[in-house]
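Input: a single structure, listed below in structure tokens.
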């Protein structure tokens, strides 16, 4: 896999996209000690997106 520069400036009309996968050297480094607080709205959206019953979620 070709090495990309660590930082690439974006133009005003560009969209940032990122795909985390085991083939990159920093895989899971950014979320290793993540403390993410979910709001009740976040939980509701996740439950609906995954189609899970409330008790299961």
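The values are calculated or read from the model by the stated rules, or taken from the named source; none is laboratory data. This structure is a prediction, so every number in the text was calculated from the model and none was measured. Positions of Cβ are generated from backbone atoms using ideal geometry, with glycine treated the same way; all protein chains shown enter the neighbour counts.
Scanning the stretch 30-49 for residues that are surrounded by 10 or more Cβ atoms within 10 Å (Cβ to Cβ), modelled with pLDDT of 85 or more and not in a helix (DSSP H, G or I) gives a single hit, 38. With the structure loaded, tell me whether residue 52 is surrounded by 10 or more Cβ atoms within 10 Å (Cβ to Cβ), modelled with pLDDT of 80 or more and not in a loop (DSSP other than H, G, I, E, B) or whether it fails that test. Answer is no for this residue.
Residues in the stretch 2-27 that are modelled with pLDDT of 85 or more and surrounded by 10 or more Cβ atoms within 10 Å (Cβ to Cβ): 24, 27.
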